[in-house]
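Colleague: Handing you a structure now.
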Amino acid sequence: MNRILFSFILTSLAGLATVIGYFVIYLKGSRKKVITFSLAFTSGIMLTISIIDLIPSSFLYLNNYQFFFKILLILFFFIFGLFLSYYIGIKFDSKTSNSLEKIGLISMFAIILHNIPEGIITFMISGQDLNLGIKLALAISMHNIPEGISIAIPIFYATKKKLKTFFYVLISGFSEILGAFLTYFFLSKFINNLIIGLIFSLIAGIMVSISLTKLLPEIFKYKENKYLYLGFLTGSIVMIISHVII
């Protein structure tokens, strides 16, 4: 019982680290420069996660299948993720006409999808090996802080509503806890490497699509190239460091 409780606590702490990213909205600076840096930072995060984390992880989780079949599965679900992202974008068009707010909402959706399997994995590993679970939760916490930033900045600068921004960031953090609850009450008997591997491929497609078709076009509007390069590089480096730690 204690092990299960600790697993829930570790997963919750890792997920709620996303909220730390919310407080970046209180930093002062030029609106154009802050938005450019933050969106480029988000783009760097999403592309780097997809390339060095999600796709390789998907490949590893599908280890029981032949190489060619693995490639086909990953490619199929990656492309499906691209189309799903496009469909989600159309749906969010009806929610808001503000392109910046739409980017924040789509980013939140992608991160929620990313955090649920992350919560599943953290909960399951913590239940089997508490020491490994602690290390994983710390690494994922570091991983989640910039994800919170990627939601907070576009939502806040689009709406100027701090409470609304906090709520959206909090939802994305709770999605990791949702993964733990789903595992404990429903999914523990059904979750397997195939499902997790396919989910990671799908999320990679969504994140690459968001980065290339939503974030970068919005960034170019502000014509702050120095902050574009700096933000993208910073986001990539942060993700690489958290990946190495994990």
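Colleague: How many of the residues making up the range 138-180 are buried (at least 22 other Cβ atoms within 10 Å of the Cβ) and either of a type in the set (D, E, K, R) or not in a helix (DSSP H, G or I) (or both)?
Modeller: Summing the residues that are buried (at least 22 other Cβ atoms within 10 Å of the Cβ) and either of a type in the set (D, E, K, R) or not in a helix (DSSP H, G or I) (or both) in the range 138-180 gives 2.
Colleague: Then there is this: Assigned to a helix (DSSP H, G or I), of a type in the set (Phe, Trp, Tyr) and either at pLDDT 90 or above or surrounded by fewer than 18 Cβ atoms within 10 Å (Cβ to Cβ) (or both): does that describe Phe200? First the steps, then the outcome.
Modeller: On the way: assigned to a helix (DSSP H, G or I): yes; of a type in the set (Phe, Trp, Tyr): yes; either at pLDDT 90 or above or surrounded by fewer than 18 Cβ atoms within 10 Å (Cβ to Cβ) (or both): no.
No, not satisfied.
Colleague: Another question about this same structure. Looking at Ile49, Ile45, Ile20, Ile55, which is the one that is within 25 Å of Ala139 (Cα to Cα) and touching a Pro at 6+ places or on another chain (Cβ under 6 Å)?
Modeller: Exactly one of Ile49, Ile45, Ile20, Ile55 is within 25 Å of Ala139 (Cα to Cα) and touching a Pro at 6+ places or on another chain (Cβ under 6 Å), namely Ile45.
Residue-wise test of (1) within 30 Å of Ile4 (Cβ to Cβ); (2) in a helix (DSSP H, G or I); (3) free of Cβ contacts under 8 Å to residues at least 12 places away in the same chain; (4) not β-branched (Val, Ile, Thr).
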| site | (1), (2), (3), (4) |
| --- | --- |
| Ile79 | no, yes, no, no |
| Leu84 | no, yes, no, yes |
| Ile88 | no, yes, no, no |
| Leu100 | no, yes, no, yes |
| Gly104 | no, yes, no, yes |
| Phe109 | yes, yes, no, yes |
| Pro117 | yes, yes, no, yes |
| Met124 | yes, yes, no, yes |
| Gly127 | yes, yes, no, yes |
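Colleague: Give the range 11-47 a look and list any residue that's touching a Ser or Thr at 6+ places or on another chain (Cβ under 7 Å) and either in a loop (DSSP other than H, G, I, E, B) or hydrophobic (A, V, I, L, M, F, W, C) (or both), or say none.
Modeller: Those that are touching a Ser or Thr at 6+ places or on another chain (Cβ under 7 Å) and either in a loop (DSSP other than H, G, I, E, B) or hydrophobic (A, V, I, L, M, F, W, C) (or both): Leu13, Ala14, Ala17, Ile25, Phe41, Ile45, Met46, Leu47.
Colleague: Which residues, counting only those in the range 36-73, are among the β-branched types (Val, Ile, Thr) and surrounded by fewer than 24 Cβ atoms within 10 Å (Cβ to Cβ)? Before you say what the answer is, go through the steps one by one.
Modeller: Our first condition is that a residue be among the β-branched types (Val, Ile, Thr); within the range 36-73, this holds for 36, 42, 45, 48-49, 51-52, 55, 71.
Within the range 36-73, Thr48, Ile51, Ile52, Ile55, Ile71 qualify.
Colleague: Just to be sure before I move on: is Gly133 modelled with pLDDT of 85 or more, part of a helix (DSSP H, G or I), in contact with a Phe, Trp or Tyr (Cβ under 9 Å, 6 or more places away or on another chain) and surrounded by 21 or more Cβ atoms within 10 Å (Cβ to Cβ) in the structure I sent? Can you show your working first?
Modeller: Details: modelled with pLDDT of 85 or more: no; part of a helix (DSSP H, G or I): yes; in contact with a Phe, Trp or Tyr (Cβ under 9 Å, 6 or more places away or on another chain): yes; surrounded by 21 or more Cβ atoms within 10 Å (Cβ to Cβ): yes.
When the stated conditions are applied, Gly133 does not pass them.
Colleague: Pairs needed: first member in the range 224-246, modelled with pLDDT of 85 or more and of a type in the set (A, V, I, L, M, F, W, C); second member anywhere, surrounded by fewer than 17 Cβ atoms within 10 Å (Cβ to Cβ) and part of a helix (DSSP H, G or I); C-beta distance under 7 Å; at least 6 residues apart or different chains.
Modeller: Short answer, once both residue conditions are applied: Ile240/Ile52.
Colleague: It is to be established whether one or more residues within the range 217-230 are in contact with a helix residue (DSSP H, G or I) (Cβ under 6 Å, 6 or more places away or on another chain) and closer than 29 Å to Leu72 by Cβ.
Modeller: No: zero hits.
Colleague: Yes or no: the range 54-64 includes at least one residue that is outside any helix (DSSP H, G or I), touching a residue at least 60 places away in the same chain (Cβ under 8 Å) and of a type in the set (A, V, I, L, M, F, W, C).
Modeller: At the first step, the residues of the range 54-64 found to be outside any helix (DSSP H, G or I) are 62-64.
Keeping just the survivors that are touching a residue at least 60 places away in the same chain (Cβ under 8 Å) gives 62-64.
Next, only the ones that are of a type in the set (A, V, I, L, M, F, W, C) stay: 62.
Among the residues of the range 54-64, at least one is outside any helix (DSSP H, G or I), touching a residue at least 60 places away in the same chain (Cβ under 8 Å) and of a type in the set (A, V, I, L, M, F, W, C), which makes the answer yes.
Colleague: Continuing with this model, one more query. Could you tell me how many of the residues in the range 92-104 are modelled with pLDDT of 75 or more and either crowded, with 22+ Cβ neighbours inside 10 Å or of a type outside the set (A, V, I, L, M, F, W, C) (or both)?
Modeller: Residues meeting the conditions: 6.
Colleague: When you check Ile191 against the structure, is it in a helix (DSSP H, G or I) and of a type outside the set (S, T, N, Q), yes or no?
Modeller: Numbers: in a helix (DSSP H, G or I): no; of a type outside the set (S, T, N, Q): yes.
No, not satisfied.
Colleague: Does Thr183 meet the test of being more than 24 Å from Tyr87 (Cβ to Cβ) and either modelled with pLDDT under 90 or surrounded by fewer than 17 Cβ atoms within 10 Å (Cβ to Cβ) (or both)?
Modeller: Spelling it out, Thr183 is indeed more than 24 Å from Tyr87 (Cβ to Cβ) and either modelled with pLDDT under 90 or surrounded by fewer than 17 Cβ atoms within 10 Å (Cβ to Cβ) (or both).
The values are calculated or read from the model by the stated rules, or taken from the named source; none is laboratory data. The structure presented is a predicted model; accordingly, all values stated were derived computationally and were not measured. Here the Cβ is made from the backbone with ideal geometry for all residues, glycine too, and neighbour counts use every protein chain on show.
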